[in-house]
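The values are calculated or read from the model by the stated rules, or taken from the named source; none is laboratory data. What you are looking at is a predicted structure, and each value in this text was computed from that prediction instead of being measured. Virtual Cβ from ideal backbone geometry, glycine too; neighbours counted across all protein chains shown. Quick note on the areas: whole protein, heavy atoms, side chains included, nothing else; ligands and nucleic acids left out. Shrake-Rupley method; radii C 1.70, N 1.55, O 1.52, S 1.80 Å.
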Amino acid sequence: MDKPSVIDKEDLNKLIAKLNQQGYKTIGPTIRGEAIVYDRISSIEDLPEGWTDEQGPGHYRIKKRNDKALFGFNVSPHSWKQFLHPPEKKLWTAEKNGSSFKIIPEELENPKFAFIGVRSCELHAIAIQDKVFIQGPHIDSVYQINRKDLFTVAVNCGQAGGTCFCVSMQTGPKVNSEFDLALTEVLEKDKHYFVVETGSDRAQSIIENLDLRTAENQELKIAEEIIDNTAQNMGRFLDTEGIKETLFENLEHPRWEEVANRCLSCANCTMACPTCFCSTVEDVTDITGDHAERWQKWDSCFTMDFTYIHGGHVRNSTKSQYRQWMTHKLASWIDQFDSSGCVGCGRCITWCPVGIDLTEEVAAIRKSDKTKIDNI
Amino acid sequence: MAKKKPKLAVWKFASCDGCQLSLLDCEDELLALAEEIEIANFPEASRAFIKGPYDLSLVEGSITTPHDAERIHKIRRSSKFLVTIGACATAGGIQALRNFKDVNEFISIVYANPSYIDTLQKSTAIADHVRVDFELRGCPINKAQLLEVISAYLNKRKPVTPAHSVCMDCKRKGIVCVMVSKGDPCLGPVTHAGCDALCPSYNRGCFGCYGPKEIPNTSALSKEFKRLGKTNEEIKLAFRSFNGYAEPFRKESEAHEE
Ligand code: SF4
Ligand code: SF4
Ligand code: SF4
């Protein structure tokens with residue numbers, strides 16, 4: 001692609017307008033209540049200018065910044081998953097017809113999403129869900145249509161959040177996977193601009209329309225320094241070296257029992273995680289029985305119904321549920337989908353009501369790795 | 001041949017009637033319901049009374065008197081399928097707060113003629129007295145869930161009333177967690193779903209109206225409440241409300257008695 005350009009705040013508005021003109025539904029970060037969430041936006045006025053978020057285990061607060069940054073925070077409570085893989089969707093309706101019945105499929109509509117302000121870890125999370133939902137033998141048609149025309153305006157993070165560890169997972173902070181546009185926000189004393197890289201032809205044609213100037217070398221250098229600085233200030237660290245073997249060899253480690261004493265099996269971690277993809281289906285009828293519906297809803301390995309089969313529950317303790325969650329995410333995912341199931345966004349740490357931190361759990365298991373100790 | 005409609009009876013024990021009223025509140029569906037089922041006993045709706053046996057009995061309220069302790073056995077004997085509805089019937093209700101005290105002391109303070117009062121020491125759930133086929137939680141129950149239970153019964157399927165946390169519904173609705181974002185204590189992580197995360201939707205913590213969820217880790221949540229600055233007394237009171245006598249909540253409140 002061409003050399004990066006420079007876009008200023010006002011031109012960013014033109015970009016959003018252009019996307020809207022082309023029929024895209026623009027979604028981006030905006031303040032709702034006491035959080036920065038992803039929702040419909042129609043101009044930069046909707047962005048959380050001058051706000052940041054403070055994240056820690058079981059802790060989230062928004063705070064005023066002392067500048068006017070538009071993207072001066074990290075990831076939102078609910079990931080982009082809510083749009084591509086909605087929490088609840090009706091799959092079909094059935095009507096009784098004498099002694100038989102007729103199935104009426106749901107009509108699907110392409111929402112033509114443009115996501116503004118997607119972080120690098122989040123692009124990786126979308127790529128992981130792509131693999132699960134549309135690149136395997138079984139296609140999820142709702143995800144497929146929501147994903148079809150997705151336009152991504154990514155943002156290279158200008159700071160790391162307290163629970164971020166994308167560097168450990170090699171998923172950021174610099175955008176390094178598929179995107180349409182990637183912005184780096186630069187705030188200097190009297191200047192506020194974005195260095196913009198183009199990652200696709202359709203993005204290129206939009207950018208050409210905006211009549212932007214080419215970035216100077218000095219500006220590119222500043223942008224690189226900002227990202228480097230973010231990379232050096234990660235909130236958390238996860239040692240991924242041989243992690244699959246370590247976890248599999250420590251399935252009876254006492255730490256699982258300890259974490260189960262703290263874990264609420266509330267499922268917040270799995271709901272907040274941008275890669276968790278499990279769903280359940282619920283069939284309902286009305287009183288007459290003439291009308292039935294099948295719904296798909298986000299499910300979690302932290303519920304008992306999740307493993308209910310004839311004869312009982314396969315995983316009926318919080319210990320086995322937590323162990324399943326973490327070993328799938330960090331170990332068996334590698335065998336199943338050729339990558340880790342974790343992108344280091346930190347949501348499961350921030351949104352766990354009791355602040356359980358998977359990086360800390362892995363470190364604790366490593367510290368007293370049973371196999372290693374036995375060998376001494 | 002016209003199919004014989006199953007017979008439905010609604011029974012009341014110690015309760016406020018709120019749960020039965022959820023059935024009356026099903027205005028739109030009530031006519032459809034009357035088409036499918038014969039309402040044989042429902043004093044809130046009609047004086048008509050048809051003798052048993054009944055196919056489906058909905059039982060509201062807790063057992064608080066010797067007379068009721070007998071009456072529930074008669075109802076069980078005349079019911080093929082018995083469903084308890086609401087926190088009173090499934091956990092003893094708010095009136096089970098007396099279980100933590102000596103009821104005779106209350107009687108002597110409240111009533112001019114204590115000798116007229118014939119009551120049990122404790123307010124207990126229906127399942128402590130007779131076999132119950134299905135429990136529908138809530139204070140009050142959610143009318144959509146009540147219709148779901150009746151529809152499932154009529155269509156011979158399992159009702160969809162999951163026993164997971166309120167948090168799952170809260171997250172699915174896209175609500176920002178009040179505990180993490182504001183430090184407000186919330187019982188959602190240990191509470192049975194069913195209300196569609198009503199209180200968090202209004203930006204406040206869950207009160208536990210639907211009672212304990214499956215494998216509730218109440219002590220871990222109490223520790224978090226402590227970290228948020230709550231006293232033992234406040235934690236005790238949080239667990240001791242509509243479902244205070246449901247075992248996991250009862251034990252947790254007792255653990256915080258000073
Ligand atoms: S496991 Fe946690 S840190 Fe990793 S992607 Fe999921 S929510 Fe983010
Ligand atoms: S790890 Fe935290 S968020 Fe996940 S189920 Fe346990 S308590 Fe809930
Ligand atoms: S607000 Fe309450 S119910 Fe909702 S996620 Fe937080 S703890 Fe759970």
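Answer yes or no as to whether A:SER120 is of a type in the set (Ser, Thr, Tyr) and either closer than 19 Å to A:PHE277 by Cβ or open to solvent by 10 Å² or more (accessible area, probe 1.4 Å) (or both). In short, no. Taking the conditions exactly as written (of a type outside the set (Val, Ile, Thr) and open to solvent by less than 50 Å² (accessible area, probe 1.4 Å)), does B:HIS164 satisfy them or not? When the stated conditions are applied, B:HIS164 passes them. Do we find that B:VAL132 is open to solvent by less than 40 Å² (accessible area, probe 1.4 Å) and within 15 Å of ligand 2 (Cβ to nearest atom) in this structure? In short, no. Checked against (1) more than 18 Å from A:TRP351 (Cα to Cα); (2) out of contact with any Asp or Glu (no Cβ under 8 Å at 6 or more places or on another chain); (3) outside any loop (DSSP other than H, G, I, E, B); (4) more than 9 Å from every other protein chain (Cβ to nearest Cβ), B:PRO200 passes all but condition (1). Taking A:CYS352, is it within 12 Å of chain B (Cβ to nearest Cβ), under 18 Å from the mean Cα position of the chain (by Cα) and either assigned to a loop (DSSP other than H, G, I, E, B) or over 14 Å from A:CYS266 (Cα atoms) (or both)? Judged against the criteria, A:CYS352 is a match. For region A:343-355, filtered to residues that are open to solvent by 10 Å² or more (accessible area, probe 1.4 Å) and more than 10 Å from ligand 1 (Cβ to nearest atom), the residue that is farthest from B:LEU221 (Cα to Cα) is A:GLY355.
Residues are listed down the side, and each one gets a yes or a no for (1) modelled with pLDDT of 95 or more; (2) part of a helix (DSSP H, G or I); (3) open to solvent by less than 60 Å² (accessible area, probe 1.4 Å):
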{"position": "B:PRO43", "(1), (2), (3)": "no, no, no"}
{"position": "B:LEU58", "(1), (2), (3)": "yes, no, yes"}
{"position": "B:VAL83", "(1), (2), (3)": "yes, no, yes"}
{"position": "B:LEU97", "(1), (2), (3)": "yes, yes, no"}
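Given the condition over 18 Å from the mean Cα position of the chain (by Cα) and under 26 Å from B:VAL178 (Cα atoms), answer yes or no: does some residue in region A:109-119 qualify? No - not one qualifying residue is present in region A:109-119. If I filter region A:337-373 down to residues being at pLDDT below 95 and among the polar types (S, T, N, Q), which single residue comes out as farthest from A:THR246 (Cα to Cα)? In this case the residue turns out to be A:SER368. Just so you know, in region A:1-60 the residues that are within 14 Å of another protein chain (Cβ to nearest Cβ) and acidic (Asp, Glu) include one that is farthest from A:PHE179 (Cα to Cα), and it is A:GLU34.
Pairs meeting the criteria (first residue in region A:306-318 and surrounded by 15 or more Cβ atoms within 10 Å (Cβ to Cβ), second residue small (Gly, Ala, Ser), beta carbons under 6 Å, at least 6 apart or on different chains) are A:THR318/A:ALA260; A:THR318/A:SER265.
For region A:258-293, the set of residues classified as closer than 22 Å to A:PHE306 by Cβ and away from ligand 2 (no atom under 14 Å from the Cβ) consists of A:PRO274, A:THR275, A:PHE277, A:SER279, A:THR280, A:VAL281, A:GLU282, A:ASP283, A:VAL284, A:GLU293, listed by residue number. Any residue in region B:144-153 that is in contact (Cβ under 8 Å) with a residue 40 or more places away in the chain and over 30 Å from A:GLY289 (Cβ atoms)? Within region B:144-153, none of the residues are in contact (Cβ under 8 Å) with a residue 40 or more places away in the chain and over 30 Å from A:GLY289 (Cβ atoms). Among residues that are touching a helix residue (DSSP H, G or I) at 6+ places or on another chain (Cβ under 8 Å), over 26 Å from A:PHE337 (Cα atoms) and more than 16 Å from ligand 1 (Cβ to nearest atom), A:ASN261 is included.
From the list A:ASP335, A:ASP357, A:ASP299, the one residue that fits, being over 22 Å from B:GLY174 (Cβ atoms), within 16 Å of ligand 2 (Cβ to nearest atom) and charged (D, E, K, R), is A:ASP357.
Does B:ARG172 satisfy being of a type in the set (D, E, K, R), touching a helix residue (DSSP H, G or I) at 6+ places or on another chain (Cβ under 8 Å), outside the structural domain of B:PRO66 (by TED's automatic domain parsing) and surrounded by 18 or more Cβ atoms within 10 Å (Cβ to Cβ)? Considered against the rule, which asks whether it is of a type in the set (D, E, K, R), touching a helix residue (DSSP H, G or I) at 6+ places or on another chain (Cβ under 8 Å), outside the structural domain of B:PRO66 (by TED's automatic domain parsing) and surrounded by 18 or more Cβ atoms within 10 Å (Cβ to Cβ), B:ARG172 comes out as yes.
Within region B:160-201, the residues that satisfy the criterion of being closer than 24 Å to B:GLU135 by Cα, within 16 Å of ligand 2 (Cβ to nearest atom) and of a type in the set (Val, Ile, Thr) are B:VAL166, B:VAL190, B:THR191. The residue that is nearest to ligand 3 (Cβ to nearest atom), counting only those in region A:247-280 that are more than 10 Å from chain B (Cβ to nearest Cβ) and farther than 30 Å from A:THR171 by Cβ, is A:GLU257. Within region A:346-366, residues that are over 19 Å from A:GLN324 (Cβ atoms) have Cβ atoms under 7 Å from residues that are in a helix (DSSP H, G or I) and away from ligand 3 (no atom under 16 Å from the Cβ) in these pairs: A:ARG366/A:THR246, counting only partners at least 6 apart in sequence or on another chain.
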